[in-house]
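Colleague: Pasting a structure here, questions to come.
The values are calculated or read from the model by the stated rules, or taken from the named source; none is laboratory data. Keep in mind that what you see is a predicted model, and the values were worked out from it rather than measured. All Cβ positions, glycine included, derive from the backbone under ideal geometry; neighbour counts span all protein chains shown. Side chains included, ligands, DNA and RNA excluded: accessible areas come from the protein's heavy atoms. Shrake-Rupley method; radii C 1.70, N 1.55, O 1.52, S 1.80 Å.
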Amino acid sequence: MESPLGMTPMVSLHEGAQNVFSVIDDEEHRQRQPKRRQQKGYLFRTSDEEEQSCFNSHKPEVDVILKMWETTDVKMKYTAEQATALAMEMSNNALTDVLFKESLSLNTTTKRIGFMLLLSLICYGLELIIFGTIPLGQPDGSMRQKLVWLLITNPVTYMLLSVLLAAVFYAIVDERRPFRPFRHYFPIMLAQYIFQIVLMCLIYPFTDTFILMGLIPFLTCITFTLISLKYMERTIWLCQCTYYSTKLREFRPVCINIAAYVACLAVWTIVYRQATSYVQVIMPYVLLVLVFGFKKWMLGLSDKYPLVIGMLLAGLTLENLDDTFQTLVFPVVSKPGVGFLSIGLRKFFENAAYLLFFTESWMRFRVWIKDFLKRFFTCRMSQTAVVPITEDVDVNDRGHSNQMQGYFRRQAQFFLYKIISQVVAYVFFLVVTPVLRNGTNSNFYPLSEKSTLFLNNQPGVTVLEGEAYRNSIIFTSALLIDSLLSGVAGFYILRRYREVIFNQIRNLYKPLFTSPLYLTLLFVIVCTNQLLALAVVQYHNRIWYFDVSNVVDQ
């Protein structure tokens, strides 16, 4: 039997039955223990030998599970005997998730669409309120003018980033319980909110904005989140082994990858804004190489994680940051003809490449070129050339090997997340930028044509003519249509020519896309990426406006 995410094999029925009886004994034993031990939060203690298998040693608590069965709609699908059998077969965390998913699953199209619309309203509402609606005040004015940015805009942005990192880490620690109750996030959110206020109140009130000021809260947010996760160990992982701390150490390179990637994207937007029209033509392809490098790095880091989480990191998070940050430069294209053509061609060929990756001809070429280069640089040209493995010998293959079906599964998931990433990035530009251009805080973003707020005004930086903005809206709409058509084409090709892969991906993601918790995680990723992009172009952070100094009242 498999876990809800289809990853971890569950314990056998015989072993599960033994666990059930041992839980009863353990519960009676714990009740006789002093309260001091219970307050530590340890469910049971492990020996040195058991520490290696701690992840699989959580025992089901049948009474809790059956109580849930009696109070949910699951009893319409499972008899009491079936629920007890499941309790013996699965860990407590995994079965709890199954029951929770069964009772709250978005099992109709109407429910899924309604729930996603609700999440969209929350996401865009949050962005428009804290960045476009609440008056920010002068960034280089008095302390009173800076309060909104200090107390709302900046801390809320990085509070959400800390929630995203915590959610991903919790899923890494225990894939059978990837989504936790709100109480597991609230301490990190509150600590991050207070930390960001205290940090910037020690800096910003005593100085005006300065170059790259926004990198301070961003980098400290990631560092402080890692520290907070360490202090959440006794709440999240209820045993004394080193499993949790080991996973936390392994998670640090993932955070470094994301931090370095966002910093590189910020630098890329700055260079694009200042580049000539000829340099702007090649900039999208420079970014393509950059994204490819960071994705390969992230894939290597996430190989040890559950497949779904690895795909969320390398597939959705990094791709959506790329697509979202690219939309920021649409209004500052020097020559719309060649500039938009360059970006459009990159997007078109990028989507077409994913469809090409589903062909056997590409797979044979991929295997041949990798093997040839390996033998050439190791001076082993006499060795027999390798060929693709057509049999599906490993259903858990991550696509790094020469197994054809495993590679196709990985590319299908990348394509799925790529289309989602592009669509939400373009909708973000079409929905949010009109408010930033015409709203209360229009002077603080490079989208308004009436922004005369800055001294030493740089042409094309703080003033955006109506025609340039209109061109960017038309171009974004065209890209949105292209992405939707690419998604339809990919769906048809997979279903028609790669039916086995199509069914495998559908069976993996259908339960996920009917889970409100999983959909919420997707929207947290997207919303966090968009908030980071808005922070880059906001004047107060002095990243986009790194070369503009001093602000005066209008």
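Colleague: Using alpha carbon coordinates only, what is the Rg to Rh ratio of the stretch 254-354, with Rh defined as the Kirkwood radius? Can you show the working numbers first?
Modeller: Working: Rg = 14.4 Å, Rh = 14.3 Å.
Ratio of gyration radius to Kirkwood radius: 1.01.
Colleague: Can you give the charge dipole size of the stretch 350-507 about its Cα centre, rounded to the nearest 20 debye, using +1 on the beta carbon of Lys and Arg and -1 on the beta carbon of Asp and Glu? Before the final figure, lay out the partial values.
Modeller: Values: 17 positive and 12 negative charges, 79 e Å.
That gives the stretch 350-507 a dipole magnitude of about 380 debye.
Colleague: For a quick check of your reading of the filter: which GluC sites (Glu not before Pro) in the stretch 317-393 sit in a DSSP loop and have no more than 13 other Cβ atoms within 10 Å? Numbers along the way, then the final one.
Modeller: Details: sites: 319, 350, 360, 391; in loops: 391.
For GluC sites (Glu not before Pro) across the stretch 317-393 that sit outside H, G, I, E and B with at most 13 neighbouring Cβ atoms in 10 Å, the list reads 391.
Colleague: Follow-up question, since we're still on this one. Largest first and to the nearest Å, give the Cα extent of the stretch 206-262 along each principal axis.
Modeller: Over the stretch 206-262, Cα extents along the principal axes are 48, 26, 11 Å.
Colleague: Further question on the same structure: Please sort by residue number the chymotrypsin sites (Phe, Trp or Tyr not before Pro) in the stretch 193-256 whose DSSP state is loop and whose Cβ has at most 14 other Cβ atoms within 10 Å.
Modeller: Values: sites: 193, 195, 206, 210, 218, 224, 231, 237, 243, 244, 251; in loops: 210, 237.
Answer by residue number: 210.
Colleague: From the Cα trace of the stretch 352-408, what convex hull volume per residue do you get, rounded to a whole Å³?
Modeller: Looking at the stretch 352-408, the number lands at 87 Å³ per residue.
Colleague: Using a simple spin-label model with points 7 Å from Cα along the Cα→Cβ vector, what separation in nm is obtained for residue 338 and residue 202?
Modeller: Placing both labels 7 Å beyond Cα along the Cβ direction yields 5.0 nm.
Colleague: Quantify how much of the Cα-Cα distance distribution of the stretch 101-242 extends past 25 Å, in percent.
Modeller: Working: 4255 of 10011 pairs.
Here the tail beyond 25 Å accounts for 43 percent of pairs.
Colleague: How far is it, in nm, from the label point at residue 129 to the one at residue 250 when both lie 7 Å from their Cα along the line to the Cβ?
Modeller: If labels sit at residue 129 and residue 250, their model points lie 3.8 nm apart.
Colleague: Here's something else I'd like to know. Using only Cα atoms, figure out Rg for the stretch 299-355 and give it as a multiple of 2.2 N^0.38 Å.
Modeller: Numbers: Rg = 15.0 Å, N = 57, 2.2 N^0.38 = 10.2 Å.
Cα Rg divided by the expected 2.2 N^0.38 Å: 1.47.
Colleague: What's the FRET efficiency of residue 353 with residue 145 using the Cβ-Cβ distance as r and R₀ = 51 Å, to the nearest 0.05? Present the calculation step by step, with values, prior to reporting the outcome.
Modeller: Working: r = 49 Å, r/R0 = 0.95.
Computed FRET efficiency for residue 353 and residue 145 comes out at 0.55.
Colleague: Still on this structure: Using a Debye calculation, one point per C-alpha and no hydration shell, please list log10 I(q)/I(0) for the stretch 117-187 at q = 0.12, 0.19 Å⁻¹ in order.
Modeller: One equal scatterer on each Cα of the stretch 117-187 leads to -0.47, -0.87.
Colleague: What whole-number value in Å² describes the accessible area per residue of the stretch 237-370 for a 1.4 Å probe?
Modeller: Details: 4940 Å² over 134 residues.
Here the residues of the stretch 237-370 average 37 Å² of exposed surface.
Colleague: For the stretch 276-421, give the percent of accessible area contributed by carbon and sulfur heavy atoms, probe 1.4 Å, rounded to a whole number.
Modeller: Values: 4490 of 6360 Å².
The C+S portion of the solvent-accessible surface of the stretch 276-421 is 71 percent.
Colleague: Separation of the stretch 477-554 and the stretch 266-294 by C-alpha centroid, Å?
Modeller: 19
Colleague: Looking at the stretch 372-444, what % of the alpha carbon pairs are farther apart than 15 Å? Each step should come with its number before you reach the end.
Modeller: On the way: 1897 of 2628 pairs.
Above the 15 Å cut-off, the stretch 372-444 has 72 percent of its Cα pairs.
Colleague: When you have a sec, figure out the Kirkwood radius of the stretch 473-550 from all distinct Cα pair distances and drop it here in Å to one decimal? If you can, show how the numbers build up before the last one.
Modeller: Numbers: mean 1/r = 0.0615 Å⁻¹.
Value: 16.3 Å, from the Cα pair sum.
Colleague: Averaging the inverse of every distinct alpha carbon separation and then flipping it gives the Kirkwood radius. What is it for the stretch 306-432, in angstrom units? Don't jump to the answer; show the numbers that get you there.
Modeller: Values: mean 1/r = 0.0589 Å⁻¹.
Evaluated over the stretch 306-432, this radius sits at 17.0 Å.
Colleague: Also, quick follow-up: Which of 111/247; 335/418; 347/510 have a Cα-Cα distance over 32 Å?
Modeller: Numbers: 111/247 36 Å; 335/418 27 Å; 347/510 27 Å.
From the list (111/247; 335/418; 347/510), the Cα-Cα distance tops 32 Å for 111/247.
Colleague: So for the stretch 171-311, what percent of the C-alpha to C-alpha distances run longer than 28 Å? Before the final figure, lay out the partial values.
Modeller: Values: 3536 of 9870 pairs.
Tail of P(r) above 28 Å: 36 percent of Cα pairs.
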